[in-house]
C-alpha cells in the first residue's frame, strides 16, 4: 500500500472515532427504550476507542505527540486565563 493511502486510512479512522463519539450524544434523543440506547452506545464507544487506537497506530508517534501537545497547551492556557 502507498504511504499516502495508509495516512488517509489513519485519518478516516480518526474521523470515524470522533463521529461515533458524537453520535453517542444524539442516540438517546432518537431511540426509545433504555436497553436499546445502552446497547447502541456501548457498541459505539467500543468502535470509537478501537478506531482511535488503530488510527494512532497507523499515523505514528509523531502524530500522537502533536495531539498531546495540542491538549496540553490548550488546557494550560485555559487555566492561566
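FYI, it's all coordinate maths here, none of it is from the lab. As the structure is a computational prediction, the values presented were derived from the model and not from experiment. Here the Cβ positions follow ideal geometry from the backbone for every residue, glycine too, while neighbour counts run over all protein chains shown.
Here are a few things to note about the model shown:
- Using a simple spin-label model with pseudo-atoms 7 Å out from Cα toward Cβ, residue 75 and residue 53 lie 2.1 nm apart.
- Using a Gaussian network model of the chain in which every pair of alpha carbons under 10 angstrom is joined by a spring, one finds that among 56, 31, 40 the greatest mean-square fluctuation is at 31.
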